[in-house]
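Notes follow once the structure below has been shown.
What follows draws every value from the coordinates through simple rules; no lab data is involved. Everything numeric in this text was worked out from a predicted model, so none of it was measured. When we count neighbours, we look across all protein chains shown, and the Cβ atoms used for this are built from the backbone with ideal geometry, even at glycine.
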Amino acid sequence: MELITAIVLTLMLAVLIHFGFQAWKKRMLSKMMARHMKPGLFTLNEYEEYARKHLPRHIFSYFTDGAGDQSTMRRNKAAFNRYYLQQRVLTDIGTPDLSTTVLGNKVAIPLGFSPVLRKNWAWKKGDLCSAEAAGKHGICDVVPVYSESSMEEIAACNPQGLRWLQIYICKDESIMAALVRRAEAAGYKAIVVSIDCHWKRFVYSDWKNMIFKYLIKTSHGNFNGENFIKAYSQNVAERASWKSITRLTQMTKLPIVVKGVMSADDAVLAAQCGVKGVIVSNHGGRMMESLPASIEVLNEVVTAVRDKLEVYIDGGVRSGTDIIKALALGAKACFIGRPVLYGLCFKGEEGVSQILSLLREDLERVMLCTGCASVTGITPSVIRDRHAPRSSSNVDCKCFLSPASHE
Ligand SMILES: Cc1cc2nc3c(=O)[nH]c(=O)nc-3n(C[C@H](O)[C@H](O)[C@H](O)COP(=O)(O)O)c2cc1C
């Protein structure tokens with residue numbers, strides 16, 4: 001009898017030890033995975049795909065679609081493929097320094113958020129969530145004047161962060177001046193004026209989905225809660241000239257950045273008006289079809305105005321590889337639009353943070369592979385233009401040789 005009890009007890013102990021060990025193994029494994037696996041999805045395309053599956057069709061189309069035959073929108077992304085990266089080996093660099101400055105303010109990565117409205121269609125209080133993510137990651141947040149929350153509410157969410165306010169040229173310049181005063185008081189560090197909006201823009205899906213039905217239900221913090229159609233049509237000038245930009249530069253001590261420049265000629269005019277920066281942008285292909293991609297005109301703009309102002313770019317930037325290519329072509333920083341909406345749709349602030357971590361890690365990896373220890377080290381020699389194969393004579397090798405190897 002005692003023997004049987006002993007056998008049963010031993011068996012029970014063995015079973016207990018077995019299952020205890022299995023549970024411990026499982027816990028350790030999931031801990032290790034949590035440490036080494038990235039939260040969220042793996043590429044920006046996957047976030048877009050998630051948004052496609054989860055957002056109502058009219059919202060996803062509003063976010064994603066481009067004007068006309070959508071050729072500009074598609075080209076923005078595809079044109080980055082014109083450039084290859086120049087791999088470098090045995091460069092003996094540690095963790096690259098990703099920080100840089102924009103208009104004299106330090107940012108953790110050469111990346112910022114383009115102004116994008118309707119963020120609350122992607123996630124409740126989306127503009128506040130994206131402001132928080134921008135603050136956490138130390139990047140520049142360009143806040144659209146037609147955001148759902150007011151510029152003061154957004155500033156309160158990211159009080160220490162770098163914020164620029166994006167406006168349009170107004171019919172009544174006293175309205176523009178009042179917005180600028182508010183931005184100054186709320187600690188915004190620059191005014192971005194978008195100059196590429198056309199009244200007659202045609203996005204097929206917006207008409208098909210009767211998007212105006214939804215736009216009249218929106219409300220805007222900077223315009224006493226007015227709906228978009230009313231707030232936009234009452235305020236934004238249908239016709240304007242560079243004289244308005246000159247007047248804007250005289251209205252404030254804040255630096256002015258012009259968004260929507262797509263040629264060297266316009267960049268030169270912007271510089272003559274006294275602006276401090278231009279964003280090479282075709283509005284993500286939302287205004288016109290058959291335009292070149294932003295990346296295709298970047299270098300001509302940089303060449304024309306590099307001594308006079310800072311040049312930034314948006315349109316189709318989706319990876320660290322894209323960022324390094326733009327910087328190699330002379331951009332001071334890149335901005336992203338739609339990916340912020342897709343990140344919001346995935347998980348609000350956390351989703352946007354995941355997108356920023358992804359881009360940050362990707363840029364760091366690409367800088368290591370191309371031998372760039374810092375953002376200032378990203379020079380044209382980092383890329384090869386498929387259409388113009390480069391000779392190897394312009395490669396600067398000395399910087400990678402350790403002092404010992406010089407001896
Ligand atoms: C849904 C949506 C709303 C936008 N709203 C604005 C805006 O209010 N002001 C502006 O200057 N640009 C606006 N843009 C354009 C972006 O600032 C930016 O130029 C463009 O999205 C960059 O391209 P990407 O989306 O490929 O990154 C908007 C873009 C999208 C997709």
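Between the helical axis of 173-185 and the longest alpha-carbon principal axis of the chain there is an angle of about 40 degrees.
Suppose every K and R has +1 on its Cβ and every D and E has -1 on its Cβ; what is the size of the dipole of region 44-383 about the Cα centre, in Debye to the nearest 20?
Computed about the Cα centre, the dipole is about 540 debye.
Straight-distance candidates among the lysines for linking to residue 25, with alpha-carbon spacing under 29 Å and chain neighbours fewer than 8 residues away dropped: 38. Centre-to-centre, using Cα atoms only, region 45-103 and region 176-190 are separated by 30 Å. Helix 126-137 versus the longest principal axis of the chain: what angle, 0 to 90°, nearest 10, using Cα atoms? On a 0 to 90 degree scale, this one is about 70. The angle separating the long axis of helix 2-36 from the principal Cα axis of greatest extent in the chain is about 20 degrees. Within the shell of other residues whose beta carbon sits under 11 angstrom from the beta carbon of residue 216, the net charge comes to +2, with Lys and Arg scored +1 and Asp and Glu -1. Applying a threshold of 24 Å to the alpha-carbon distances of 124/213; 119/213; 77/136; 125/332; 77/217 flags 77/136; 125/332; 77/217 as lying beyond it. Take every DSSP beta bridge whose two residues both sit in the chain; close to 20 percent of them are antiparallel. Within the chain, the proportion of C-alpha pairs whose separation exceeds 35 Å stands at 32%. Net charge dipole, region 151-222: roughly 280 debye, given to the nearest 20, about the Cα centre with Cβ charges of +1 for Lys and Arg and -1 for Asp and Glu.
The helix-only estimate of mean residue ellipticity at 222 nm for the chain, built from DSSP H runs of length n ≥ 4 each weighted as -39500 (n - 2.57), is -14000 deg cm²/dmol after division by the residue total.
Ignoring aspartates and glutamates fewer than eight residues from residue 208 along the same chain, the ones with Cα atoms less than 17 angstrom from its Cα are 65, 69.
Taking the Cβ of residue 20 as the center, what net charge do the other residues with Cβ under 15 Å away carry, scoring Lys and Arg +1 and Asp and Glu -1? Around residue 20, the surrounding residues sum to +3.
Considering only 285, 157, 87, whose Cα is most displaced toward the positive end of the charge dipole of region 44-383, charges sitting on Cβ of Lys, Arg (+1) and Asp, Glu (-1)? Of the options given, the answer is 285. Could you tell me which of rounded, prolate or oblate describes region 57-193, using a ≥ b ≥ c as the square roots of the eigenvalues of the alpha-carbon gyration tensor, with rounded for a/c under 1.5 and, failing that, prolate when a/b is larger than b/c and oblate otherwise? Judged from the Cα gyration tensor, region 57-193 comes out oblate (a/c at least 1.5, b/c at or above a/b). Only one residue of 178, 204, 190 has its Cα farthest out toward the positive end of the dipole of region 168-208, where Lys and Arg carry +1 and Asp and Glu -1 on Cβ, and that residue is 204.
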